[in-house]
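Peer 1: Below: one structure in structure tokens.
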Amino acid sequence: MTLTLPGFDLLRLPGADGVELAAAVGGSGSPVVLLHGFPQTHLMWRHVAERLAGEHTVICPDLRGYGASDKPAATGPEVYAKRTMAADVVALAEALGHERFALVGHDRGALVAFRAGLDHPETLTHLGVLDIVPTLDMWNVLHGVPAAVGYHLFLMAQPPGLPEAMIAGSADVFFGSFLDTWADDPSVMPEEVRAEYLRASAAAVTSIVADYRASAGIDVVHDRADLDAGSQLAMPVTVVQQDWGAQLGYDAAGVWKAWAPDLDHRLTRAGHFMAEEAPDEVTAAIRDLLAR
């Protein structure tokens with residue numbers, strides 16, 4: 001049984017290209033869509049969603065390929081392109097009657113949110129991003145020994161076959177290693193939550209790898225085309241991230257400023273899973289964003 005957000009309805013809603021997404025929906029008011037990261041599901045938003053639901057309609061989908069959402073076969077690179085996954089989110093919101101909405105994403109969901117901001121500027125009122133830089137910039141800043149922190153990016157970029165077999169053969173160890181090492185305090189994930197993340201990820205190895213593989217190919221092509229065209233994010237943007245710039249030797253705020261002229265860039269002392277480790281801080285950042 002899929003774990004979901006207490007007090008929220010778990011719905012199945014249409015995405016793009018006939019794909020259906022599972023989404024927890026609750027609260028009332030102006031809509032805010034929250035997109036989860038890896039190796040998680042919409043359950044990662046349980047604390048933040050509860051805090052926002054008194055003021056907003058909060059929509060927390062599982063991305064295509066994750067959780068209880070459909071996992072279409074990767075018959076071509078576009079199936080898990082962030083452009084396609086962003087179209088999923090727009091279609092899902094429209095199905096709920098929302099032509100415009102705020103969008104906040106963490107990790108993989110943040111890459112989808114970034115692409116949605118570029119592709120659908122008329123639809124997004126505000127954009128929040130937790131703990132990433134855009135795909136093109138991500139590959140540019142990963143170099144030398146410090147890049148070992150992103151070894152999984154290189155593993156899942158390999159041609160179909162090898163990474164899927166390696167990960168499926170030790171799924172709980174592989175996915176569990178990120179839950180353990182990326183959190184400053186792993187105890188913020190109760191055992192039933194951790195078990196849900198591991199169960200959902202083990203059931204989605206092929207689609208998760210396809211998502212990452214797209215970020216080593218078609219997503220880079222899309223980002224580079226926007227960079228060459230001078231495209232920028234037209235809406236207010238808030239970025240909250242660990243101090244990756246200091247760790248990897250680049251100007252994180254400067255990277256984001258090139259894409260987002262209306263930028264609030266914040267560093268956090270929380271670990272990667274900040275929505276679970278520091279929900280008050282993340283909720284405050286989202287509220288500040290929505291007030292701009």
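Peer 1: Just to be sure I understand: of the beta bridges DSSP finds with both ends in segment 1-91, what percent are antiparallel, rounded to 5?
Peer 2: 75
Peer 1: Considering only protein heavy atoms and a probe of 1.4 Å, how much of the accessible area of segment 199-292 is carbon and sulfur, as a whole percent?
Peer 2: 53
Peer 1: Right, something else. Roughly how many debye, to the nearest 20, is the charge dipole of the chain about its Cα centre, given +1 on each Lys and Arg Cβ, -1 on each Asp and Glu Cβ, and no other charges?
Peer 2: Computed charge dipole of the chain: roughly 240 debye.
Peer 1: Which is farthest toward the positive dipole end of segment 219-292 among T268, L248, A258, measuring Cα position about the Cα centre, with Cβ charges +1 (Lys, Arg) and -1 (Asp, Glu)?
Peer 2: Value computed over the given set: A258.
Peer 1: With θ set to phi - 60° and the Karplus curve 6.51 cos²θ - 1.76 cosθ + 1.60, what are the ³J(HN,Hα) couplings of segment 113-123 in order, to the nearest whole Hz, using x for Gly and Pro?
Peer 2: Whole-Hz 3J(HN,Hα) from phi for segment 113-123: 4, 4, 5, 4, x, 7, 7, 10, x, 7, 9.
Peer 1: Which whole-number percentage describes the relative contact order of segment 134-292, with Cα contacts under 8 Å and a sequence gap of 6 or more?
Peer 2: It comes to 28 percent, rounded to a whole number.
Peer 1: May I pose another question? Please turn the phi angles of segment 125-132 into ³J(HN,Hα) values with the Karplus equation 6.51 cos²θ - 1.76 cosθ + 1.60 (θ = phi - 60°), one per residue in order, whole Hz, x for glycine and proline.
Peer 2: 3J(HN,Hα) across segment 125-132, in whole Hz: 7, 8, 10, x, 9, 10, 6, 9.
Peer 1: Output the Cα-based Rg and Dmax of segment 11-74 in Å, rounding Rg to one decimal and Dmax to a whole number.
Peer 2: Final numbers for Rg and Dmax: 12.0, 39 Å.
Peer 1: Same structure again: Under 1.5 on a/c is rounded, so check that first for segment 226-288, then, if it is not, pick prolate when a/b is larger than b/c and oblate when it is not; a ≥ b ≥ c are the square roots of the alpha carbon gyration tensor eigenvalues.
Peer 2: Judged from the Cα gyration tensor, segment 226-288 comes out oblate (a/c at least 1.5, b/c at or above a/b).
Peer 1: Further, regarding this structure: Just report the Cα centroid separation between segment 34-50 and segment 113-188, whole Å.
Peer 2: After rounding, the separation between the Cα centres reads 15 Å.
Peer 1: In percent, what relative contact order does segment 194-275 have, based on Cα pairs under 8 Å that are 6 or more apart in sequence?
Peer 2: Over segment 194-275, the number comes to 28 percent.
Peer 1: Using a 1.4 Å probe, what is the accessible area per residue for segment 160-225, in Å²?
Peer 2: Spelled out: the 1.4 Å probe surface of segment 160-225, per residue, equals 43 Å².
Peer 1: Counting DSSP beta bridges in the chain, what percent are antiparallel, to the nearest 5?
Peer 2: 35
Peer 1: List, in order, the whole-Hz ³J(HN,Hα) value for each residue of segment 217-227 obtained from phi through the Karplus relation with A = 6.51, B = -1.76, C = 1.60 and θ = phi - 60°; use x for Gly and Pro.
Peer 2: So the J values, rounded to whole Hz, are x, 5, 5, 5, 4, 5, 5, 5, 4, 5, 4.
Peer 1: If you compute semi-axes √(5λ) of the Cα gyration tensor in Å for the structure shown, which of [x] 44, 24, 16; [y] 24, 23, 20; [z] 35, 19, 17 do you land on?
Peer 2: Entry [y].
Peer 1: Let me check I've understood the local charge: for L5, count other residues with C-beta under 15 angstrom from its C-beta, Lys and Arg +1, Asp and Glu -1. What total comes out?
Peer 2: For residues surrounding L5, the net value is -4.
Peer 1: In terms of solvent-accessible area of protein heavy atoms at a 1.4 angstrom probe, what is the ranking of I218, I59, highest value first?
Peer 2: Values: I218 35, I59 0 Å².
Sorted by accessible area, descending: I218, I59.
Peer 1: Specify whether the C-alpha gyration tensor of segment 1-133 places it in the rounded, prolate or oblate class, a ≥ b ≥ c being the square roots of the eigenvalues: rounded for a/c under 1.5, otherwise prolate if a/b is larger than b/c and oblate if not.
Peer 2: Verdict is rounded for segment 1-133.
Peer 1: Using the per-residue mean of other Cβ atoms lying within 10 Å as a proxy for protection, in what order, highest first, do the peptides 78-85, 161-168, 112-119 fall?
Peer 2: 112-119, 78-85, 161-168
Peer 1: How charged is the neighbourhood of E192? Take every other residue with its Cβ under 12 Å from the Cβ of E192, and add Lys/Arg as +1 and Asp/Glu as -1. Each step should come with its number before you reach the end.
Peer 2: Numbers: positive: R46, R194, R199; negative: E191, E196.
Spelling it out: positives minus negatives among the neighbours equals +1.
Peer 1: Relative contact order, percent, of the chain when contacts are C-alpha pairs under 8 Å separated by at least 6 residues?
Peer 2: Numbers: 535 pairs, mean separation 59.9, N = 292.
Relative contact order comes out at 21 percent.
Peer 1: Ignoring ligands, DNA and RNA, what percent of the 1.4 Å accessible area of segment 1-126 is carbon and sulfur?
Peer 2: On the way: 2140 of 4080 Å².
Solvent-exposed carbon and sulfur of segment 1-126 make up 52 percent of the total.
The values are calculated or read from the model by the stated rules, or taken from the named source; none is laboratory data. It should be emphasised that the depicted structure is a prediction, and the values quoted were computed from it without experimental measurement. Quick reminder, even Gly has a Cβ in these numbers, built from the backbone with ideal geometry, and neighbours come from all protein chains shown. Accessible surface areas use protein heavy atoms only, side chains included; no ligands, DNA or RNA. Shrake-Rupley method; radii C 1.70, N 1.55, O 1.52, S 1.80 Å.
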